Amino acid sequence: NFPAERVGDDVVLFSDEERTQTIGTAYGLRQQTERGKNSKSPINFCLSDFIADRKSGKKDWFGMFAVCAGIEEMELVEGYKAAGDDYNAILL
């Protein structure tokens, strides 16, 4: 988890709890679906909507995790391609 705050549609990440050292920005994109007043959800959400901004006085965090598909996945993909198995090559 990183200390964070919302700035418009973006989330600014900090390296310290005091939020003095910026380490990066997660740029947000608001939902692009056209919504009318009769829609169940008339709001076009963005991930930043769920992070507190500095003016709120609340401290917030942004959680992340990393995933690896495998160290040798490209060799497996090439094997599927060589065998004419486009389906599994695309999935992997």
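Throughout, read-outs are computed from the coordinates displayed, never taken from laboratory work. Values in this document were obtained by computation on a predicted structure and should not be read as measured data. Cβ coordinates were reconstructed from backbone atoms using ideal geometry, including for glycine residues, and neighbour counts include every protein chain displayed.
What is the number of the single condition among (1) surrounded by 11 or more Cβ atoms within 10 Å (Cβ to Cβ); (2) of a type outside the set (S, T, Y); (3) over 21 Å from the mean Cα position of the chain (by Cα) that A26 does not meet?
Here A26 meets the rest and fails (3).
Looking at R19, R6 in this structure, which one is part of a loop (DSSP other than H, G, I, E, B) and of a type in the set (D, E, K, R)? Give the derivation first.
Working: R6 fails: part of a loop (DSSP other than H, G, I, E, B).
Being part of a loop (DSSP other than H, G, I, E, B) and of a type in the set (D, E, K, R) holds for just one of R19, R6, which is R19.
Residue-wise test of (1) touching a residue at least 12 places away in the same chain (Cβ under 8 Å); (2) closer than 21 Å to G28 by Cα; (3) touching a strand residue (DSSP E or B) at 6+ places or on another chain (Cβ under 7 Å).
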{"position": "C46", "(1), (2), (3)": "yes, yes, no"}
{"position": "A52", "(1), (2), (3)": "yes, yes, yes"}
{"position": "S56", "(1), (2), (3)": "no, yes, no"}
{"position": "M74", "(1), (2), (3)": "no, no, no"}
{"position": "E78", "(1), (2), (3)": "no, no, no"}
{"position": "G84", "(1), (2), (3)": "no, no, no"}
{"position": "N88", "(1), (2), (3)": "no, no, no"}
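Among what's in the stretch 51-92 and is among the charged types (D, E, K, R) and in a helix (DSSP H, G or I), pick the residue that is nearest to V11 (Cα to Cα).
As a first pass, look at the stretch 51-92 and keep what is among the charged types (D, E, K, R): 53-55, 58-60, 72-73, 75, 78, 81, 85-86.
From the residues that got through so far, the ones that are in a helix (DSSP H, G or I) too are 54-55, 73, 75, 78, 81, 86.
Numbers: R54: 11, K55: 14, E73: 32, E75: 37, E78: 38, K81: 40, D86: 38 Å.
So the residue we want is R54.
Pairs under 8 Å by beta carbon, first residue at negative phi and among the basic types (K, R) in the stretch 1-26, partner assigned to a loop (DSSP other than H, G, I, E, B) and surrounded by fewer than 16 Cβ atoms within 10 Å (Cβ to Cβ), six or more apart or different chains?
Close Cβ pairs (under 8 Å, with a partner that is assigned to a loop (DSSP other than H, G, I, E, B) and surrounded by fewer than 16 Cβ atoms within 10 Å (Cβ to Cβ)) amount to R6/A52.
For V11, indicate whether it is within 18 Å of K59 (Cα to Cα) and either hydroxyl-bearing (S, T, Y) or within 13 Å of the chain's Cα centre (by Cα) (or both). Steps first, answer last, please.
Values: within 18 Å of K59 (Cα to Cα): yes; either hydroxyl-bearing (S, T, Y) or within 13 Å of the chain's Cα centre (by Cα) (or both): yes.
Answer is yes for this residue.
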